[in-house]
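> Sharing a structure below in structure tokens format, with a few things to ask.
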Amino acid sequence: SAPETVSPTGRPTGADQSTNAQGDAYLTTAQGARLYDTDHSLKAGERGPVLLQDHHLREKITHFDHERIPERVVHARGAAAHGVFRSYGTAAKVTKAAFLTGEAETPVFVRFSTVLGSRGSSDTVRDTRGFATKFYTGEGTFDLVGNNIPVFFIQDAVKFPDIIHAGKPHPDREIPQAQSAHDTFWDFVTLHTEATHHTLWNMSDRAIPRSFRMMEGFGVHTFRLVNAEGATTLVKFHWKPKLGVHSLVWEEAQLINGIDPDFHRRDLADAIEAGAYPQWELGIQTFPDNAEQTFEGIDLLDPTKVVPEELAPVQPVGLLTLNANPSNFFAETEQVAFHPGHLVPGIDITDDPLLAGRLFSYLDTQISRLGGPNFAQLPVNRTHAPVNDMHRDGMHQTAVHTGAAPYRPNSLDGGCPFLAGADTGAYIETPVEVPTGRKQREAPASFSDHFSQPRLFWRSMSPVEREHIIAAYTFELGKCYERAVKERGLQVLANIDPELCEQVATGLGLPAPEATVPLTAVEPSPALSQLGHTWPLD
Ligand code: HEM
């Protein structure tokens, strides 16, 4: 195909360089010299030694030797698709982000993933699923890097290496926890009881989805939207699948893991190929941007808490349709680099301490996973907005920059000014007040409530969903070798609900402990239920 762009040396640049590989009549070396044989090494005589001068042999094998890149440190196994996001225009009241106002259509790339398994692990394991979306907007790329569970295990990113070390295969035998001992995972989540809410969702049917097409997605953190007048609103992002939410039962998941470990990625690709394009509505819960960053007593900076939809309904703002499979898994699904800090004007962050660590971590890990700082030039990562950065050189640089003065302002390259300010469409951080206080590591007091929301979740379950949760805890805790870990697991359950604890304790053949926290019900008060959405979009 005709190259899209040509470098100053006349060579095709970017993605087009790679499209010629398999279609052309002649096989060539990487330098373009035509080859007449790729099946036999160059030898001294028919039965003689292979010659070191065989450049093709060495080039072919050397390249092959370096084909693999490190898998992601988490979310290594994934499947992805291209699509389009169509805004309903309903969010214009709360954000100036152009892709959410009017009826804009924005190309997207979405990657679904499991968290803990390696690249070759099975699809239908009990785990959280990643739901990461790259919106290629005209104002820059916006990444919504979410999960299919609305809360997270920890409240502070400094613990992220710890929870992942605890959840990954045991370091001695490298046996994944789903098949063997579970002690480290359960050790962590029972010693760090902020993990209780996420763990309870993991023990529910939500952690074994029927299909990626039938999962919800959540931005988890509270974000801050900014409208054209500069007014701010706190929001939580939600994806609602048009097909509804469906799960496998445990026995189905086990059978499918054996019969078809690629079940979810096959399901996604087959559906798209057949024209049954999966769709999700993007919605937001909206909260006033108050000084406390709370809503009806719920700390919006605590990523282990949800805001019940009875208190703040999810208001639809647009429709996502996935309509094309990647044509190259490596180039797209494997090399895509999401980052919660990829924001566009109109969308800002809050001071959630988990989000703060994420803002550092993704770029850092991608520099090592994708071999240097230039991965934004990879086709799947290229923004659709014009780029004019001052980044230069580095490993795997493919751009041929021109000009003498990579800094602004300068007086050499035609006297480039530095254009800044809101009227230029620049991304401007919202000038919110920073709370003052002494430098400290302690978390706010509200972060120490670890059980009231898990209790709310448990009480919202139907009888059959409760049965599944009891069976899941009994199976998973039953795999632990250490009695102390099982006992601490039961203590956590006692603090959620005595019935849940007793049933699991019976299954484990251990006594059920008493709760150590008050088992208060968290029911939305009638006044709160009537409150409805606080910031109606329509
Ligand atoms: C990858 C979600 C917390 C570090 C991912 C991916 C998702 C995700 C969906 C996969 C992206 C892809 O498909 O390529 C989340 C959510 C979190 C969370 C929803 C909490 C609300 C964290 C924290 C850290 C972290 C606290 C570190 C401090 C990473 C890293 C990767 C990753 C290093 C691999 C990125 C790559 O190699 O491209 N996360 N994550 N995550 N996450 Fe998170």
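> Given Asp289, Asp299, Asp267, which one is surrounded by 19 or more Cβ atoms within 10 Å (Cβ to Cβ) and within 16 Å of the ligand (Cβ to nearest atom)?
Answer to the selection: Asp299.
> Mind checking which residues of region 230-252 are part of a helix (DSSP H, G or I) and within 14 Å of Met214 (Cβ to Cβ)? Full working, then the answer.
Start the filter on region 230-252 by keeping residues that are part of a helix (DSSP H, G or I), which leaves 250-252.
Selection gives Glu252 alone.
> Shifting gears a bit: Considering (1) β-branched (Val, Ile, Thr); (2) within 27 Å of the chain's Cα centre (by Cα); (3) surrounded by fewer than 17 Cβ atoms within 10 Å (Cβ to Cβ), say which one Val434 fails and leave the rest.
(2)
> What single numbered condition from (1) away from the ligand (no atom under 13 Å from the Cβ); (2) more than 18 Å from the chain's Cα centre (by Cα) fails to hold for Leu320?
Leu320 satisfies all of (1) away from the ligand (no atom under 13 Å from the Cβ); (2) more than 18 Å from the chain's Cα centre (by Cα) except (2).
> Same structure again: Given the conditions (1) over 22 Å from the mean Cα position of the chain (by Cα); (2) surrounded by fewer than 17 Cβ atoms within 10 Å (Cβ to Cβ); (3) charged (D, E, K, R), which single one is not true for Asp187?
Asp187 satisfies every listed condition except (2).
> Which one of these is assigned to a helix (DSSP H, G or I) and surrounded by 14 or more Cβ atoms within 10 Å (Cβ to Cβ): Ala405, Ala399, Ala337, Ala356?
Unique residue meeting the criteria: Ala356.
> Scan region 83-137 residue by residue and report those that are surrounded by fewer than 19 Cβ atoms within 10 Å (Cβ to Cβ), under 30 Å from Val249 (Cβ atoms) and of a type outside the set (Ser, Thr, Tyr).
Across region 83-137, the qualifying residues are Arg119, Gly120.
> May I pose another question? Out of Val151, Val158, which single residue is within 11 Å of the ligand (Cβ to nearest atom), of a type outside the set (Lys, Arg) and farther than 30 Å from Glu309 by Cβ? Talk me through it step by step, then tell me what you get.
Details: Val151 fails: farther than 30 Å from Glu309 by Cβ.
After ruling out the rest, the residue left standing is Val158.
> Counting only residues that are of a type outside the set (Val, Ile, Thr), within 12 Å of the ligand (Cβ to nearest atom) and not in a loop (DSSP other than H, G, I, E, B), how many does region 365-385 have?
Residues flagged as of a type outside the set (Val, Ile, Thr), within 12 Å of the ligand (Cβ to nearest atom) and not in a loop (DSSP other than H, G, I, E, B) within region 365-385 amount to 5.
> Separate question: Looking at region 168-176, is at least one residue surrounded by fewer than 22 Cβ atoms within 10 Å (Cβ to Cβ), at pLDDT 95 or above and within 16 Å of the ligand (Cβ to nearest atom)?
The answer is no; no qualifying residue exists.
> Further, regarding this structure: I'm checking my understanding of the structure. Among residues of region 465-516 that are β-branched (Val, Ile, Thr) and in a helix (DSSP H, G or I), which one is nearest to the chain's Cα centre (by Cα)?
Here the answer is Ile469.
> How many residues are among the aliphatic types (A, V, I, L, M) and in contact with a helix residue (DSSP H, G or I) (Cβ under 7 Å, 6 or more places away or on another chain) when one looks only at region 208-227?
The number of residues fulfilling the criteria is 1.
> Enumerate the pairs (first residue in region 354-378 and within 18 Å of Thr222 (Cα to Cα) and of a type in the set (D, E, K, R); second residue anywhere and part of a helix (DSSP H, G or I) and within 7 Å of the ligand (Cβ to nearest atom)) with beta-carbon separation below 7 Å, excluding pairs fewer than 6 apart on the same chain, so at least 6 apart or on different chains.
Final answer for the pair search is Arg358/Ala157.
> Test of understanding: among Leu35, Leu100, Leu57, Leu52, which residue is away from the ligand (no atom under 16 Å from the Cβ), touching a His at 6+ places or on another chain (Cβ under 8 Å) and modelled with pLDDT of 95 or more?
Leu35
> Within region 123-147, how many residues turn out to be polar (S, T, N, Q), more than 9 Å from the ligand (Cβ to nearest atom) and over 22 Å from Ala104 (Cα atoms)?
Matching residues across region 123-147 total 1.
The values are calculated or read from the model by the stated rules, or taken from the named source; none is laboratory data. Because the structure is a prediction, the values reported are computed rather than measured. A quick note on method: Cβ atoms are made from the backbone with ideal geometry, for glycine too, and the neighbour counts reach across all protein chains shown.
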